[in-house]
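The values are calculated or read from the model by the stated rules, or taken from the named source; none is laboratory data. As the structure is a prediction and not an experimental result, all values here were calculated from the model. Reconstructed Cβ throughout: ideal geometry from the backbone, glycine too, with neighbour counts over all protein chains shown. The protein model used for the area step is the full one, side chains on, heavy atoms only, and it has no ligands, DNA or RNA in it. Shrake-Rupley method; radii C 1.70, N 1.55, O 1.52, S 1.80 Å.
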Amino acid sequence: MTVTSFSEALRTRTRHDHDDSEGAAFMRDLMSGAGTREDYIALVAQHFFIYEALEQVARRLRDDPVAASFVTDKLTRLPALEADLEFLIGPSWREQVAPLPTTVDYVARIHEVADWPGGFVAHHYTRYLGDLSGGQIILRVMQKRFGFDTNGVGFYLFDEIADPAEFKNTYRAQLDAAGWDADERERVIEEVVRAYRYNTDLFNDLARAKQAAA
Ligand code: HEM
C-alpha cells in the first residue's frame, strides 16, 4: 500500500486551483509577452499589500508552536517589494499604489487567520512555495522581457536560500510533521484552495483595472 503524505495530498488536491491561478489571462499575457511593464508593476504593487499582511501576522506567530517552524527571515519579502516599487515607480510610490478589491479581501483573510496557525500556514505555503517555484520562472521571463537585472525583481531573489528545491523539501517535511489531525489537514487544504482563489481573482481584478484604464 502506498501511503500518501499530507504534503503530497495537499499538492495533488490543489493542483487544479494552482493551474487556474497560473492560467489566468493576466498572468498568461505577462508570461507570453502580451503583458506590459505597467502590468508587471501593477502586480508588484498588489504583492506589497499581501506581503505586508503576511509578514505582520508571521511576526505575531513567531513563537506559536506550529507556525514557528515555517516562519523564517530567509523568506521575508517586504523590504524587497519596497525597493522594487521605489525602483519601478519612484520615491513617491506609496501615494501611487492602492489595493484592488480582491487584495482588500485577501489581506482581511490573512489577518483573520492570525488566530489559526494552520490557516496562516496555508497562506504562507501558497505564496512562498509558489515564489520559490513558479516565481523563479516568472523572474527569468521578466528579466528577459523588460531588461531587469536585480532592481525591480528583488521580490523573486531569495538571497538567503541557496537551494530552493531543498528548502521546499524541508518545508514539505515540516507540513507532514505539523501534527494536524485529519480534520485540521482538511481545513488547511481548504484554506489553500481559498488562497489560490484570491490569487486567481486578483489576476482578474488586474485585467479589469487595465481594461478600465485603457
Ligand atoms: C506563471 C505562473 C506560474 C508558473 C509558471 C508556476 C509554475 C510552478 C511549477 C513548475 C511548480 C512546481 C515546482 C516543484 O515541484 O518544485 C509550482 C509549484 C507551486 N506553485 Fe506555481 N506557478 C505559477 C503561478 C503560481 C501562483 C500564482 C501561485 C499562488 C500564489 C503558485 C503557487 C505554487 C505553489 C504553492 C507551489 C508548490 C506546490 C507544492 O509543491 O506543494 N504558483 N508552480
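For a straight C-alpha distance cut-off of 14 angstrom, the aspartates and glutamates reachable from LYS168 (same-chain residues fewer than eight places away being disregarded) are GLU8, ASP131, GLU160, ASP176.
In deg cm²/dmol, rounded to 500, what helix-only [θ] at 222 nm does the chain give when every DSSP H run of at least 4 residues adds -39500 (n - 2.57) and the total is split over its residues?
Estimated from H runs of four or more residues: -22000 deg cm²/dmol.
Listed values for the stretch 200-211 are Karplus-derived 3J(HN,Hα) couplings in whole Hz (6.51 cos²θ - 1.76 cosθ + 1.60, θ = phi - 60°), namely 5, 4, 5, 4, 5, 4, 5, 5, 5, 4, 5, 4, and x replaces Gly and Pro. Couplings 3J(HN,Hα) of the stretch 22-28, computed from phi: 4, x, 4, 4, 4, 5, 4 Hz, in residue order, whole Hz [Karplus 6.51 cos²θ - 1.76 cosθ + 1.60, θ = phi - 60°; x for Gly and Pro].
Could you give the distance between the Cα centres of the stretch 1-74 and the stretch 140-214, to the whole Å? Here the answer is 2 Å between Cα centres. Computed with a 1.4 Å probe over protein heavy atoms only, the accessible surface of the chain comes to 50 Å² per residue. Cβ-Cβ distance of ALA68 and ARG140, R₀ of 35 Å, FRET efficiency by 1/(1 + (r/R0)^6): the value works out to about 0.60. Close amide H pairs (under 5 Å, H built 1.01 Å from N) link GLY35 with LEU30, residues at least 5 positions away or on another chain.
How many percent of the accessible area of the chain is carbon or sulfur, using a 1.4 Å probe? Summing carbon and sulfur atoms, their accessible area is 49 percent of the total for the chain. Considering only ALA53, PRO65, GLY90, the residue lying farthest towards the positive end of the dipole of the stretch 1-150 is PRO65, judged by Cα position with unit charges set on Cβ.
This model, with +1 at the C-beta of Lys and Arg and -1 at the C-beta of Asp and Glu, gives the chain a dipole about its Cα centre of some 480 debye. A protection proxy built from the mean count of other Cβ atoms within 10 Å ranks the segments 117-125, 173-181, most packed first, as 117-125, 173-181.
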